[in-house]
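J.: One structure is given below, represented as structure tokens, and several questions about it will come after.
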Amino acid sequence: MDSSIDIVKQDVAAALEYFKNKNFEFLGIMGNRIMSNLLICGEKDLMVIGYMIKEVSDEFDFIQKDDAIRLNGCMDAGKQFIQNILNMVSLDDEFSQEGIWRDYYNYKRRIVEFIPTDVELSFYRKNSGFTRKTTTFLMHFLL
């Protein structure tokens with residue numbers, strides 16, 4: 001990325017601050033802004049950063065509304081994920097698709113137990129075969 005990386009750094013830093021303040025609505029807005037700015041910068045492949053931040057926003061907004069106590073148990077996972085994005089963007093030429101997807105995977109592994117409601121938790125069981133099938137489908141679809 002060229003000098004426009006400074007704009008993206010500022011966007012991600014603002015997103016991290018919104019996350020720390022538990023302002024998930026504005027975190028989502030920042031996710032949209034990151035996607036828009038990366039599109040304008042000609043970095044379409046990296047727009048996924050904004051999408052992922054938007055996903056974090058939606059997940060944490062839901063958790064906060066469903067059970068504010070559970071929110072405290074998962075804040076570290078979201079904060080670390082967004083901080084990792086900021087760290088990668090700050091390294092300029094070190095940013096990689098593989099790295100962001102690895103961090104997103106690690107984030108999802110940490111957050112997955114906090115997303116379902118109590119009703120869902122009473123019915124759903126872990127199903128790694130279905131998860132694997134879904135992941136494979138989505139990867140092929142994205143490609």
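J.: Give me the dipole magnitude in Debye, nearest 20, for the chain about the Cα centre, with unit charges on the beta carbon: positive for Lys and Arg, negative for Asp and Glu.
T.: About 580 debye.
J.: Further question: Straight-line reach only, C-alpha to C-alpha below 29 angstrom: list the lysines that LYS20 could link to, leaving out same-chain residues fewer than 8 apart.
T.: Within the straight-line cut-off, LYS20 pairs with LYS9, LYS44, LYS54, LYS65, LYS79, LYS108.
J.: A further question on this structure: Within the stretch 44-143, report the trypsin sites (Lys or Arg not before Pro) that DSSP leaves as loop and that have at most 16 other Cβ atoms within 10 Å.
T.: Here the sparse-neighbourhood loop sites are ARG125, LYS126.
J.: Quick one: how many Å² of MET139 are accessible to a 1.4 Å probe, rounded to 10?
T.: 120
J.: Only one of the values (i) -0.64, -1.04, -1.10, -1.18; (ii) -0.45, -1.12, -1.22, -1.32; (iii) -0.51, -1.16, -1.25, -1.32 was calculated from this structure for log10 I(q)/I(0) by the Debye sum over Cα atoms at q = 0.12, 0.19, 0.20, 0.21 Å⁻¹; name its label.
T.: Computed from these coordinates, log10 I(q)/I(0) by the Debye sum over Cα atoms at q = 0.12, 0.19, 0.20, 0.21 Å⁻¹ corresponds to label (iii).
J.: Report relative contact order for the chain in percent, whole number only (criteria: Cα-Cα under 8 Å, sequence separation at least 6).
T.: Relative contact order, the chain: 23 percent.
J.: At each listed q (0.14, 0.17, 0.18, 0.26 Å⁻¹), what is the log10 of I(q)/I(0) that the Debye formula gives for the stretch 1-83 modelled as equal alpha-carbon point scatterers?
T.: Rounded to two decimals, the profile gives -0.44, -0.61, -0.68, -1.20.
J.: Helix-derived [θ] at 222 nm for the chain: sum -39500 (n - 2.57) over DSSP H runs of at least 4, divide by residue count, nearest 500?
T.: -25500 deg cm²/dmol, from helical runs alone.
J.: Still on this model: Can you tell me the orientation of helix 24-40 relative to the chain, as the angle in degrees between its alpha-carbon axis and the longest Cα principal axis, to the nearest 10?
T.: Helix 24-40 sits roughly 40 degrees off the main axis of the chain.
J.: Quick one: if the Förster radius is 25 Å, what FRET efficiency do TRP101 and SER36 give, using the C-beta to C-beta distance and rounding to 0.05?
T.: After rounding to 0.05, the efficiency reads 0.70.
J.: Please list 112-121, 55-64 highest first by mean number of surrounding beta-carbon atoms within 10 Å per residue.
T.: 55-64, 112-121
J.: Oh, and also: Assuming a viscosity of 1.306 mPa s and a temperature of 10 °C, what translational diffusion coefficient in µm² per second does Stokes-Einstein assign to the stretch 36-120, Rh being the Kirkwood radius over Cα pairs?
T.: The estimated diffusion coefficient comes to 115 µm²/s.
J.: Go through LEU39, LEU91, MET75 and say which Cα lies farthest out towards the positive end of the charge dipole of the chain; charges sit on Cβ, +1 for Lys and Arg, -1 for Asp and Glu.
T.: Sorting the options by dipole projection puts first MET75.
The values are calculated or read from the model by the stated rules, or taken from the named source; none is laboratory data. All of these numbers come straight from a predicted model, not from anything done at the bench. Because the Cβ atoms are built from the backbone with ideal geometry, glycine has one as well, and the counts that use them run over all protein chains shown. When the accessible area is computed, the model is the full protein with side chains, heavy atoms only, and any ligands, DNA or RNA have been set aside. Shrake-Rupley method; radii C 1.70, N 1.55, O 1.52, S 1.80 Å.
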